[in-house]
Amino acid sequence: RLDGKFVELLQTVLCSSKCPEQIQVLCAAILREMSPCNDLSLSCDEIQDTKLLSLVSSVLLVQGNKKAEVSAVGQRIVKVLERRLPEGQSAQYLLPVLSNVITISPESLSEEHTNVVSKKMADWLRYASIQQGVAQPSGGFFSNPRTRQPGPVTEVDGAIATDFFTVLSVGQYYTQDQWLNVQAFSMLRNWLLCYGGKGLKTPNSDDKSGMDRSVMSVVSTTSTSSRLLPPKERLREKAFEYCQRLIEQSNRRPLKKDDGDLQKACLIEAVTIMDIICKQDSSYVYRAVSFLKVLHGRICADATYARALLPIAQFFLNHSKMSAVDSNAIYKHLFTDIPAQLFHNPSLAFEFVQFCKDNSQLFTETSSIFRQSFPNLFKFLAWNSPPLISEFVDLLPFLLDAGTAVEIFHLLLDLPCLTAALDIQLRSAALPTSERAASDPGVQPATCLEAFRHPLYKSVFQYLLRTKSAPEDAPERLIPLRQLLGSLASSPRVMQCAETVPVLLELFFRVVAEFADGQLINQLVVLLLQRSDQLYEIPAFKDDVYRVLSSQLVMLCKLHPALIVELSKEILEFSGTVSNIQNKEAIFTHVVWAIGEYMSVSYDKRCTVEQINRFFETLEAMLFEITQLRPLASTPSYAPRAISVLMATLTKLAARSQDLIPRVSMFLSKMRTFVQSPAVTSVYCEEDLEEILIRATELMNLLKMPSVAQFVFTPPVDVASTRFQREVNDSLPFALRIVTRLLEPAPGFMP
């Protein structure tokens, strides 16, 4: 908080013509730091000096536009640019300010203002001097008053420039108009996006075909009457020519590495601007298409130009339909070669995935290559997991359909394994050529790196690192590879990737639920049970995946309850395996719950008493196995939740096949002996045992009233989904306790 008098002095010094420039810059910086400030009296209306106008404007633009400062600055800048500047003044100090104005508030400039600037920009872009600037004399004692005449600017390869000046032209010193050329190009994209698309249609434009307009455009650009075009059309024309010149210049071999980097950056910007121009005026499309086809053919094999392929593909996505050009070869190269070769480039990975996300709707409508290439796209995520997770959350729904769901499910579960395989691939590529020879087929590989080149594992690695969808291949092939890559499970990159899988799995099932039919749901449930045994060995990863799969199993059962009957063989096999209770308790518990909930004629008329009895016997054997009393030293501990769910499911099945009620009642009555056994109390906590006993007592009491039990556990079809039944299910534990109190009233209890 600065004193008001001091703030006033800062403004006075800033605007003083006698003040040194360094002090003015410092005053402006202090005023910007303390902004927004209500006590400013600064105004740009009467300032003639371009440097001072730039400094004052920088302060006004950070005030929050409370008093329309942005509009005032913009209009003043345009007014100064419109007139001929005095000797010693330069517009190069004003263009950065104008760029800020259109970024903050594009609507602050009227059409009259934008026409003035468009006219100026067209001249700056096209008519900058092609002679180098003159070095400013140092003023020293030995300075030579006779300076050499400046030579012409050169191209990046050292050749003398024979065409107009661009940002890729090279000189030792630059003139004022050359600096304006560079600045105009730097703000060209934003300017066209803000103002280039307005007033495109002329009164007669609707009655001419696209081809006619194209011919007219070619004629107009080759004629000497281009200055007669309206300012926006003229700027568009000069900008298009400028971009063509940049693309031609990018073909030259640079003498300096920095110039090579600049070439690539300018190439990307030039193609992007050409795309914008073609969107605003379709008559440019035909000229651009052939030009960019040639460009793509020239750079597609050079990995250093990979980023430039994205705007080229964007152009053809936007305009190929109009130009009747088959662009599939461009998309195929983009989605096949780039992710496979450059997945480890983080900036390219982000731009590539962002490009896919921005165009996902367009791709799914126009090209099948996008969805077919999802194994390649996931390489970006596998290698760059934390930065790209939010992008893939947006992208995944567009990759999913009935044809890709199963393969993507496998791929998500194998994502950490893919990260490990990519690591091995990179390390193998870095080896000297002499060490890349194939391993001896008769010798078992000792390391992952040897296995990558071993004939026994080569095809498996190729499947995991495939570039496109291969639904006919069997994912079971990866089982030995998961074991082989186990040594990389603790790698930080693999661990980071594993943390993203649960998020994407939950999203996967939410999206699939929107289009899956019964057949696909059955297929996913079978795979869910199978793949629970086939996961990469990272304990925390497996626990997270089990948690997600168990919750999604419930969702799939709600969508298609008949799967319990249709997949009875697979579900019986899974629920009848004791080891699943300890290793996959979450999934096991939810499978058993689903059996009790949906193995009912209410959900599937094909449900028979024989099937109910078969499930009952399997689960009864499981409950007996985990609750039978053993010698103290060998009593294993099982999850109390699994025991409770097994008891509840057996009770539900007995309520639907009442011949089973005596067996369940007898079993439940023995639970008191189980929970009081010293061998059991030594491995379970007291609270868990108390809950098991309470649940057993409640279920046993409910079975004493079979008709009530049948209604509670097996609602009629027309009631099953009503609010009443949902409330009954939500408050079932309370209802069980009420029944218990009715049957076993405590002293003084009044029902």
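The values are calculated or read from the model by the stated rules, or taken from the named source; none is laboratory data. Bear in mind that the values here come from a model prediction, so they are computed numbers and not experimental data. Cβ: placed from backbone, ideal geometry, glycine included. Neighbour counts: every protein chain shown. The area values use the complete protein model at the heavy-atom level, side chains included, leaving out ligands, DNA and RNA. Shrake-Rupley method; radii C 1.70, N 1.55, O 1.52, S 1.80 Å.
Regarding the stretch 28-44, can at least one residue be identified that is in contact with a Ser or Thr (Cβ under 6 Å, 6 or more places away or on another chain) and either in a loop (DSSP other than H, G, I, E, B) or within 17 Å of I77 (Cα to Cα) (or both)? Within the stretch 28-44 (the criterion being in contact with a Ser or Thr (Cβ under 6 Å, 6 or more places away or on another chain) and either in a loop (DSSP other than H, G, I, E, B) or within 17 Å of I77 (Cα to Cα) (or both)), the answer is yes, since at least one residue qualifies.
Considering the stretch 678-706, and only residues there that are closer than 12 Å to I643 by Cβ and not hydrophobic (A, V, I, L, M, F, W, C), the residue that is least open to solvent (accessible area, probe 1.4 Å) turns out to be Y684.
Restricting the stretch 134-159 to residues that are surrounded by 11 or more Cβ atoms within 10 Å (Cβ to Cβ) and within 21 Å of P254 (Cβ to Cβ) leaves a set whose member that is modelled with the lowest pLDDT is G151. Within the stretch 460-485, the set of residues being loosely packed, with under 15 Cβ neighbours inside 10 Å and not in a loop (DSSP other than H, G, I, E, B) comprises Q462, E476, R477, I479, P480, Q483. For A621, the test of being touching a residue at least 40 places away in the same chain (Cβ under 8 Å), assigned to a helix (DSSP H, G or I) and out of contact with any helix residue (DSSP H, G or I) (no Cβ under 8 Å at 6 or more places or on another chain) is passed.
Exactly one residue out of V25, V73, V78 is touching a His at 6+ places or on another chain (Cβ under 7 Å) and either at pLDDT 90 or above or in a helix (DSSP H, G or I) (or both), and it is V78. Of the residues making up the stretch 149-185, those that are more than 28 Å from Y93 (Cβ to Cβ) and either free of Cβ contacts under 8 Å to residues at least 24 places away in the same chain or hydroxyl-bearing (S, T, Y) (or both) number 2. Of everything listed in (1) surrounded by 22 or more Cβ atoms within 10 Å (Cβ to Cβ); (2) part of a loop (DSSP other than H, G, I, E, B), the single unmet condition for I330 is (2). Summed over the stretch 350-387, the residues that are open to solvent by less than 60 Å² (accessible area, probe 1.4 Å) and either closer than 20 Å to L488 by Cβ or touching a strand residue (DSSP E or B) at 6+ places or on another chain (Cβ under 7 Å) (or both) give a count of 9.
Considering the stretch 28-63 alone, what residues qualify as being of a type in the set (A, V, I, L, M, F, W, C) and either more than 21 Å from Q89 (Cβ to Cβ) or touching a Gly at 6+ places or on another chain (Cβ under 9 Å) (or both)?
Applying the first criterion (of a type in the set (A, V, I, L, M, F, W, C)) to the stretch 28-63 yields 28-31, 34, 37, 40, 42, 44, 47, 52-53, 55-56, 59-62.
If the condition is that a residue be of a type in the set (A, V, I, L, M, F, W, C) and either more than 21 Å from Q89 (Cβ to Cβ) or touching a Gly at 6+ places or on another chain (Cβ under 9 Å) (or both), then A29, I30, L31, M34, C37, L40, V62 are the ones that fit.
Here T577 does not qualify as open to solvent by 10 Å² or more (accessible area, probe 1.4 Å), among the β-branched types (V, I, T), in a helix (DSSP H, G or I) and farther than 24 Å from E687 by Cα. If you go through the stretch 589-617 and keep only what is surrounded by fewer than 20 Cβ atoms within 10 Å (Cβ to Cβ), over 17 Å from C557 (Cβ atoms) and of a type outside the set (K, R), you end up with T608, V609, E610, N613, E617. Yes or no: Q63 open to solvent by less than 20 Å² (accessible area, probe 1.4 Å) and assigned to a loop (DSSP other than H, G, I, E, B)? Yes: the conditions hold for Q63.
Restricting Y536, Y457 to those that are part of a loop (DSSP other than H, G, I, E, B), surrounded by 14 or more Cβ atoms within 10 Å (Cβ to Cβ) and at pLDDT below 95 reduces the list to Y536.
Can you work out which of the residues in the stretch 30-60 that are of a type outside the set (D, E) and surrounded by fewer than 13 Cβ atoms within 10 Å (Cβ to Cβ) is modelled with the lowest pLDDT?
N38
When residues of the stretch 319-350 are filtered for being charged (D, E, K, R), closer than 20 Å to I299 by Cα and out of contact with any helix residue (DSSP H, G or I) (no Cβ under 6 Å at 6 or more places or on another chain), how many remain? Before you say what the answer is, go through the steps one by one.
We begin by selecting, within the stretch 319-350, every residue charged (D, E, K, R); these are 321, 326, 332, 337.
Of the ones still in play, those that are also closer than 20 Å to I299 by Cα are 326, 332, 337.
Of the ones still in play, those that are also out of contact with any helix residue (DSSP H, G or I) (no Cβ under 6 Å at 6 or more places or on another chain) are 326, 337.
Residues flagged as charged (D, E, K, R), closer than 20 Å to I299 by Cα and out of contact with any helix residue (DSSP H, G or I) (no Cβ under 6 Å at 6 or more places or on another chain) within the stretch 319-350 amount to 2.
Candidates are the residues of the stretch 226-254 that are among the small types (G, A, S) and closer than 16 Å to C266 by Cβ; the one that is surrounded by the most Cβ atoms within 10 Å (Cβ to Cβ) is A239.
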